[in-house]
Amino acid sequence: MNEEKKSILIVEDDKAILKSLKDILQSEGYSVDTAENGREAIQKSKEKFFNMALLDIKLPDMEGTKLLVTMHEDLPKMMKIMITGYPSLENAVEAVNRGADAYIMKPVKPEKLLALIEEKLREQSQAEKMTEEKVVDWIKTRARKIENESRKGNQDQER
Amino acid sequence: MLKGETAQILTQGVSPEKIGKVEEKNRKTGIDAVGDAPFGTHFCLFYETKEDLIDVLVPYFKAGLESNEFCMWVTSEPLSEEEAKEAMRRAVPNFDGYVERGQIEIVPYTEWYLKGGAFNFQRVLSGWVEKLNQALAKGYDGMRVTGNMAWLEKRDWRNFVDYEQEVNRVVGKYRMLVICTYSLGKCVASEILDVVRNHQFAVIKREGKWELIESSELKRAKEQFQAAEESLQNTLDNMLEGCQIIGYDWRYLYVNDAVVKHGRTTKERVLGKTMMEMYPGIEKTEMFSKLQRCMKERVSIRMENEFEFPDGGKGWFDLSIQPVPEGIFMLSFDITERKKMESALRESEERYQTLVENSPNLVGIYQDSVFKFVNRAMCEELGWTPEELTSPTFDVIEKLFPQRLYDLAKENIAKRLRGEYVPPYETSLKRRDDVEFPVLVLNKMIRYKGQPAIEVILVDITERKRMEDEIRRYSESLEEIVEGRTRELKEAHERLQALFQTIPDAVYFKDAQRRFLVINTVAEKIMGLTQEEIVGKTMEQQMPSDFARTCRISDEEVLRKRKILRFEEQNIDEKGEKRFFETIKAPMHDSQGNVMGLVGVSRDITEHKQMEQQLLKSERLTAVGEAAAMVGHDLRNPLQVIVNMLYLVGKKFKSIPIADREILEKYGFLDLRSRFIEQVEYMDKIVSDLQDYARPLKPKLVEIGLHKLIDKTLSSLTVPENVKVSIVIEEDFPKLMLDPGLMQRVFSNLITNAVQAMPNGGKLTIRASEKEETALISVEDTGVGISDANLSKLFTLLFTTKARGQGFGLPVCKRMVEAHDGNITVASKVGKGSTFTIKIPLRTEVSYK
């Protein structure tokens, strides 16, 4: 486990689920925040960075998918897992197309959920690393390119 | 007194019983024994001495002179002419004055009876009448005579008797009194009888007193006469004919009731008056001149006279006028009515004449083989003049009939003349120009001028014949039309009959009393009755009462409202199952619009009904399913919470120190947790089933190996250890195109059911094989099995035999398999186990759209 605590935002209108899920995730060492509706979720996600959001597909003030789209635009790096009571491939596909990183059906077995969260967070970490590497690569490539161009420019001038 | 001749006259006009008496004053005879006697009295006196003669005859003549009568005394022995005068002078103071005035003549018998030397009774008789007429002319009331027959010789006796008879007959007619004197001493008995017989009565002296003797014959006649007189008087007065006697001075001497009635007056006002007084101006009339002629010339006259009464009224009378001694007798008969009838008859005859003459029909009178009369139409139609047609030489048969009809015409005429009835018949006549035309002959036997004749009426029926021909032609063409129509009707009827019998609905006709007229075979089948059993009967006579009652109500409604109406009816069939019918009933009318009955068409809509109910049920189930899905969704969240809690419990359990954990284990908390988990999983399955049933299925097919799918399914389930699982899949069994999520749920359900069917353990076998492009996958158990009754309901929603089942599992499986274009069947034996078999068509991804 990483020394730095990973933060997770749970968006769920059922308080009992919210509480039990928070307990489970906290017991696993995550930093957990909760939101009971879409508006609150957006608010909280702007105030603070979350590694991950667990989104119920049905929310009192907006569709989970809508929230998903909004969050994906604002916080593309945040992992987003959709939880739905209506298991269907269409829902899953749609969720994924709209930027969900994973999809899980109610009732969710805590073990499965935790495994999924861990997996996704690892993916996130690797992606970050990859990104860092890529940036370095890009800068190196770019520098080299500029260097080459300037060299070439010089050669042209010489001609 | 009415005298013989008057009576005789009367009998000419009326019956003899009607003789009556004319009122007239009697004359004084001057003879005590006789008293008064009327003119016309003729009697005899038997004397012995000349004193006897004086004794009777002197007062006799004295009375005569005093009564203004002319007197004539013919004397004979024993009393001489002088002695007689002497005796008269003694009795009548002014006797010589009478003699001088000529009122009395006394002559010897020689100058009267034997004037001219011998007795001639014709001369003597006419002498008397002459004397009388002279007397009447001189103004005397009448004449009074006597004659002595002493001069009569025996040889003249018979002759004299004849004379007396004649006198007796004649005297009655005249205004005379006659006494014949006979000497008793000279007469023998037979002669006395002769004398008495010829006189009305005799006067004779007996023991110094004069007595009147009537002959018994005379008496009898008088009595009869008297009796007759009274009744005749009565009858005369009551008779309808008027009877009146008018005197020489035109005074009314007698009138009966009818006369005064006709004359609108009374007897009192008429009698004694003259006709001129009664009817001023009458002397100028024709009738009066006739009366005058009768009065003077003494002749009978008969005439019809229209008489005008003083009040202006008119009447016709048949008058019969006869001379009578009193003057004239007139019998009048009111013929006003007859005259009216005659006039009416004349008019009627004229009308008939006009009618016949102007009749469009040909009218003729046929007698003695010729026409006696023909009307105008006959002449015009036949082309002959009336003179030609009625000519005795005109041959009716030959001229008027076509030759071929001669015999028939002759036969009919002969028949008619024999008096046989000949009914009206049709024949043909020919005109003068030989053109034939049809006629109807009406003939009648009549009498014409007293002889049998035939009245013939010929009706020209040319027009009628033409019409008949036209009608015949029309009716012939009509027959063709009718034949054609009949054929069409027959065809239409056959078509209708075919339709009637092949139509899948029950069709029946009923009369206005709702009795069946005809039903088709479907109706027979539905009612369970044959045509023969139901026709002529009503529903209630043959059917269960409830059904019959509803039918009766609907029948009556249709008949009453005269409208086509639709009903839904129910009946119980022979299997005891309820059948539903949609029935349309229509009233049938005749051409006048009266309701003749009705036609009904019933369609069995039981199946339709059942489908309707099924649809209703499925709709209900859909609603139930939706409700269940909602419940399932709502249960998901609490279920999620419980699952989370149980996880936390496990987590916490691991984190507590070993000693404390052992205590909890000791008290069974760990076990409780696992039992919780078990039930939560079951709840999860129920909720999944509910949601699976409700949501639309759109399988996403992916290629997958069956074995892998089953293994995955089994791993998610908890199979008890006493259930042995074996999977038998053919080696070359191909990969399938399936929605793994859905099929996993199917297998999961089937395996769960199989396990539950084997509470005491058993063998669970899963087989898969390929057959004709179809994958056969079966799940087989050795459990309790399913009863036949339950088998058919197995896939029905909400059917369950489990204490804790909602009946969603198998229906969900069915839906899911069917979503793969497959099907699922079950075979089972109670106590042996069940086999569920899934058939899914084998296909590649490409073939699936």
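Quick look at the values:
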quantity: Eligible aspartates and glutamates near residue B:537 by straight Cα distance, threshold 16 Å, same-chain separation 8 or greater; calculated: B:511, B:524, B:555, B:556
quantity: Shielding score for A:96-107, defined as the mean number of other chain Cβ atoms within 10 Å; calculated: 2
quantity: CD proxy at 222 nm, helix term only [per DSSP H run n ≥ 4: -39500 (n - 2.57); per residue of chain B; nearest 500]; calculated: -14500 deg cm²/dmol
quantity: Cα-based reach from residue B:700 at 17 Å (exclusive), listing aspartates and glutamates while leaving out same-chain residues under 8 positions away; calculated: A:90, A:94, B:692, B:739, B:818, B:821, B:845
quantity: Segment B:241-333, relative contact order in percent, only Cα pairs under 8 angstrom and at least six apart counted; calculated: 31
quantity: Peptides ranked, highest mean first, by Cβ atoms within 10 Å: ranges A:139-152, B:449-462, A:98-111; calculated: A:98-111, B:449-462, A:139-152
quantity: Where labels lie 7 Å past Cα in the beta-carbon direction, separation of residue B:830 and residue B:495 in nm; calculated: 6.0
quantity: Of A:48/A:140; A:109/B:685; B:430/B:465; B:712/B:829, those spanning more than 22 Å from alpha-carbon to alpha-carbon; calculated: A:48/A:140; B:712/B:829
quantity: Modelled FRET efficiency - R0 60 Å, residue B:682 with residue B:541, Cβ distances, 0.05 increments; calculated: 0.40
quantity: Residues in segment B:416-448 that a label on residue B:468 would reach, taking backbone N under 11 Å of a point 7 Å out along Cα→Cβ; calculated: B:425-428, B:438-441
quantity: Partner aspartates and glutamates for residue B:771 [C-alpha distance under 13 Å; skip if fewer than 8 residues away on the same chain]; calculated: B:730, B:732
quantity: Average beta carbon contacts from partner chains per residue of A:17-24, 10 Å cutoff; calculated: 5
quantity: Compactness of segment A:7-124, expressed as Rg and Dmax over alpha-carbon positions, Å; calculated: 12.6, 34
quantity: Estimated dipole of segment B:698-841 in Debye, rounded to 20 [Cβ of Lys and Arg +1, of Asp and Glu -1, Cα centre]; calculated: 600
quantity: Peptide B:630-643 - average C-beta neighbours from other chains (10 Å radius); calculated: 5
quantity: Principal axis dimensions, largest first and in whole angstrom, of chain B by Cα; calculated: 231, 83, 53
quantity: Per-selection Rg to Rh, the protein assembly as shown - Cα, Kirkwood hydrodynamic radius; calculated: 1.68
quantity: Top positive-direction residue, dipole computed over chain A with Cβ charges, set A:8, A:130, A:95; calculated: A:130
quantity: Rounded if a/c under 1.5, otherwise prolate or oblate - segment B:503-625, Cα gyration tensor axes; calculated: prolate
quantity: Cα-derived Rg to Rh of segment B:114-218, Kirkwood definition; calculated: 0.98
quantity: Listed pairs B:28/B:186; B:654/B:708; B:735/B:839 exceeding 23 Å between Cα atoms; calculated: B:28/B:186; B:654/B:708
quantity: Distance (nanometres) between label positions extended 7 Å along Cα→Cβ at residue B:237 and residue B:337; calculated: 2.4
quantity: Packing-based order for B:485-495, B:62-72, A:69-79, using average beta carbon neighbours within 10 Å, highest first; calculated: B:62-72, A:69-79, B:485-495
quantity: Antiparallel DSSP beta bridges within the protein assembly as shown, as percent of all bridges there, nearest 5; calculated: 65
quantity: FRET efficiency, 1/(1 + (r/R0)^6) with R0 41 Å, evaluated for residue B:345 and residue B:395 via beta carbons; calculated: 0.70
quantity: Relative contact order (%) - segment B:45-181, alpha-carbon pairs under 8 angstrom, separation at least six; calculated: 32
quantity: Neighbour net charge for residue B:656 - beta-carbon separation under 14 angstrom, K R +1, D E -1; calculated: +3
quantity: 3J(HN,Hα) from dihedral phi, segment B:170-177, Karplus parametrisation 6.51/-1.76/1.60, rounded to Hz, x for glycine, proline; calculated: 7, 3, x, 7, 10, 7, 9, 10
quantity: ³J(HN,Hα), Karplus 6.51/-1.76/1.60, whole Hz, each residue of segment B:516-522, x for Gly, Pro; calculated: 5, 9, 7, 9, 8, 5, 4
quantity: Amide H partners (placed H, <5 Å) of residue B:842, local residues excluded; calculated: B:774, B:775
quantity: Relative contact order %, segment B:403-456, counting alpha carbon pairs below 8 Å whose residues are six or more apart; calculated: 26
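Values in this text are rule-based calculations from the coordinates and carry no lab data. Owing to the predicted nature of the structure, the values given are computational and were not obtained by experimental measurement. We place every Cβ from the backbone using ideal geometry, glycine too, and count neighbours over all the protein chains shown.
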